[in-house]
């Protein structure tokens, strides 16, 4: 991609983001839009949402007050009002901010001047964006040791942040000794006769799957795996087509009428720089919801398990299609066949493809971050639905549009951006400031959405964190494998060999985290359960808690109706008594 295409993508995405966020800040001030932009607050305390109902000029002027308010919200407030799961999304975005700010400092101060001043790459790179990447470093150059040192620094800083983030998920579960013991032991000599596991909270139970026999549960899971794999494989077709648009020179050979676009100034730059990333993001938007529908047939007994499985499927779908297929789409079948027949050449082939696709993935980050986060704040779908309901069947006075935070969509997409940024941290430093802006905007938007829009449907006490940790770890591993391949392509085998210990250290760190922290997420501590039982017994709450727990797990259809919640006119007799 030429610099004009990249500039066109940046200008269009930044311009659209400003327009959408300005429109959002205006619409948020209108009282009629409160059920959309203050759904959570209206459901909790309608009197807490106040508006200036007089027609003043300030109501129709854009403002950034929502951003400043988001910056003042503390993590304790989010934890108390929305729970630990919502806080994990914010911590994931803050991880991106902290990690890529440090990477940007290293990349812009150290790597960018080294790349640009080297002039050791091919002559064609001096007139393209490759002059700012590692592609501009000549083969065998000693400047590659600078990239080697930066790789070690970036990796250790990332591992430090991961270790620092782990205590976010330390939770003292208010469980009991008997429940903790039963969940961790075999109850019958036949292991499939009586299965026990920790029960999800009552709001989290997915009642439809409770009737599935444990003996046939593997068949459901195999079916889900096959369906998700087929969706991932067949999605390679539109991704490859999008890559064809991004490569305008090849597109002119395949489809000669496209040459007519060169007659209109700037149109080819928009076609190459902006259109492919928008089309790709449009396809990707529907994938999490399709995967969620597939995951519901997997036999999970709670909503959180369904969404966690969806997170995993969506993440690997994005890694497979947005990252790998985008890299090798130029000769898809040949590259895949070569990777299987000669796996030892995978690092070098990956490194070569990564260097060639930096511009396209930069436009993807721009489109996903600027346009994606802006549209998330605007809630365009809810605005359209509200408009249709208001002019047809009526929406009902003051009924908020309450929905839960889509963890299955937010976590994989943000994790993919961390993966892309990690891989390109040393390869293409120009991507790093864009990622810092991406995570700052995402942080402001999702703090606003968590505080005002989304309700807390369930609470897993941080069960998403092991999966987030794994996604980031995959990014670090791919970064190091890519750099091993790049050092090999640049005829610097000593640097490639010296990177292998870093790869082993990263793997050992991940295994240590699994041994040290993962059991906390899988089982309740019996010691803590006994201590909580003793405290409740002293305070007289043990029997009360038992009754509350036994009454909480009623199927919704079997619970008695509360007629006090209905309007009085609906419960009045048809014939009044004399």
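Efficiency by 1/(1 + (r/R0)^6): what FRET value for residue 19 and residue 77, r their Cβ-Cβ distance, R0 = 35 Å, to the nearest 0.05? Efficiency for this residue pair is about 0.70. Multiplying the residue separation of residue 105 and residue 297 by 0.36 nm and removing their Cα-Cα distance gives an extension gain of 64.5 nm. Equivalent-ellipsoid semi-axes for region 11-93 (Cα gyration tensor, √(5λ), whole Å, largest first): 24, 20, 11. A Förster radius of 35 Å combined with the Cβ-Cβ distance from residue 117 to residue 163 puts the calculated FRET efficiency at roughly 0.45. Of interest is the spacing of the C-alpha centroids, which for region 428-446 and region 494-509 amounts to 28 Å.
Using 0.36 nm per residue, how much length does the chain from residue 4 to residue 316 gain when fully extended, once their Cα-Cα distance is taken away? Before the final figure, lay out the partial values.
On the way: separation 312, 0.36 × 312 = 112.32 nm, distance 3.22 nm.
Taking 0.36 nm per residue and subtracting the Cα distance, the gain is 109.1 nm.
Of the peptides 491-502, 453-464, the order by per-residue mean of other Cβ atoms within 10 Å, starting with the highest, comes out as 453-464, 491-502.
Using the Cβ-Cβ distance between residue 219 and residue 240 with R0 set to 25 Å, the FRET efficiency works out to roughly 0.15.
As a rough guide to protection, the peptides 468-476, 27-35 ranked by mean Cβ packing within 10 Å, highest first, stand as 468-476, 27-35. Divide the volume of the convex hull around the Cα atoms of region 402-502 by the residue count and you get 97 Å³ per residue.
The distance between label points at residue 11 and residue 518 comes to 5.1 nm (points 7 Å beyond Cα on the Cα→Cβ vector).
No lab work stands behind these numbers, since they all come straight from the coordinates. On a predicted model such as this, the values are computed, not experimentally measured, just so you know. We place every Cβ from the backbone using ideal geometry, glycine too, and count neighbours over all the protein chains shown.
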